[in-house]
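**Q** Would you mind keeping the following structure in view while I ask a few things?
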Amino acid sequence: MRILGIDTATPQSSVALLENNTISRETILNPPSQFSNRVLQQVDEVLKGAGVDLHSVDLFVVTRGPGSFTGLRVGMSLLKGMGLVTGKPVVGIDTLEAVAATAGESGHPICPVLDARKKEIYTAFFRREAGRLTRISPDTAVSPECFIEHVVEPTLFVGFGLTVYGDWLARRLGDLYLTETNRPRPSVAACAARLALDRQERAGSDFFEEEGSIHYLRKPEAEINYLKNRQ
């Protein structure tokens, strides 16, 4: 099965082509604003580099949130457009789950962290069991101070939010804070594609009917301001 994955929700956006669970091509860009302007070009480069065309892709996958509101709209609109043109299914994978999947094998809980702005983080807890990622808790937007109260055992932290909060979490959590070093990571787009493949194999066509919407987790700033102005 050939799957094209796109992540525009995180600061290190990516495009990846998966063929039979093997990463054929992938590209990573930073920052996301640059990626939003070049995403079609990067998709084209990934497909041409793999020697395939858009119509030969069996499934299109996008990270559906939480994350950058603009990035989420760019990614979802692009993937739905590709699905419309090709007649192939489009699937959204939760961003935090895809970020957690970039972690290696671990007997500890896995905690992805993204900077949610406004002094909050997007996070959740996962565990890898029998090679598959299992969700322990729902996605949440929470202050770091409140979040650390829920870390009760050594936990492997991953994600782009550690650039902002990693040192603070390490100081506050001590031995409960674990990270990986010097290990090559697959892109978030590639992990989203792999998660979609795994779910499709287990759920079949029913999977395609459930995951095609954006998961904002909290309201976009523009909507918040609009509601305030109407009060």
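The values are calculated or read from the model by the stated rules, or taken from the named source; none is laboratory data. What you are looking at is a predicted structure, and each value in this text was computed from that prediction instead of being measured. Ideal geometry is used to build each Cβ from the backbone, glycine not excepted, and the neighbour counts take in all protein chains shown.
**Q** If a residue has to be small (Gly, Ala, Ser) and part of a helix (DSSP H, G or I) to count, how many in segment 65-78 make the cut?
**A** Matching residues across segment 65-78 total 3.
Here's the yes/no breakdown for (1) surrounded by fewer than 24 Cβ atoms within 10 Å (Cβ to Cβ); (2) modelled with pLDDT under 90; (3) closer than 30 Å to Ser143 by Cβ:
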{"position": "Ser33", "(1), (2), (3)": "yes, yes, yes"}
{"position": "Ser36", "(1), (2), (3)": "yes, yes, yes"}
{"position": "Gln41", "(1), (2), (3)": "yes, yes, no"}
{"position": "Leu54", "(1), (2), (3)": "yes, no, no"}
{"position": "Asp58", "(1), (2), (3)": "yes, no, no"}
{"position": "Val61", "(1), (2), (3)": "no, no, no"}
{"position": "Gly75", "(1), (2), (3)": "no, no, yes"}
{"position": "Thr86", "(1), (2), (3)": "yes, no, no"}
{"position": "Gly107", "(1), (2), (3)": "yes, no, yes"}
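**Q** Inside segment 3-22, can you point out the residues that are surrounded by 18 or more Cβ atoms within 10 Å (Cβ to Cβ) and within 20 Å of Ser56 (Cβ to Cβ)?
**A** Ile3, Leu4, Gly5, Ile6, Val15, Ala16, Leu17, Leu18
A quick yes/no check of all residues on (1) modelled with pLDDT of 90 or more; (2) crowded, with 18+ Cβ neighbours inside 10 Å; (3) of a type in the set (Asp, Glu); (4) under 26 Å from Leu156 (Cβ atoms):
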| residue | (1), (2), (3), (4) |
| --- | --- |
| Leu173 | yes, no, no, yes |
| Thr181 | no, no, no, yes |
| Leu195 | yes, yes, no, yes |
| Phe207 | no, no, no, no |
| Pro220 | no, no, no, no |
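**Q** Please go through segment 109-120 and give me each residue that is within 29 Å of Lys80 (Cβ to Cβ) and buried (at least 24 other Cβ atoms within 10 Å of the Cβ), ordered by number.
**A** Result: Pro112, Val113, Leu114.
**Q** Can you pull out the residues in segment 2-18 that are more than 15 Å from Gln42 (Cα to Cα) and at pLDDT below 95?
**A** The answer is Ala9, Thr10, Pro11.
**Q** What strands (runs of 3 or more DSSP E) lie completely within segment 79-172 and have 1 or more residues being touching a residue at least 40 places away in the same chain (Cβ under 8 Å), in the same structural domain as Leu40 (by TED's automatic domain parsing) and more than 12 Å from Pro66 (Cβ to Cβ)?
**A** In segment 79-172, the matching strands (runs of 3 or more DSSP E) lie at 90-93.
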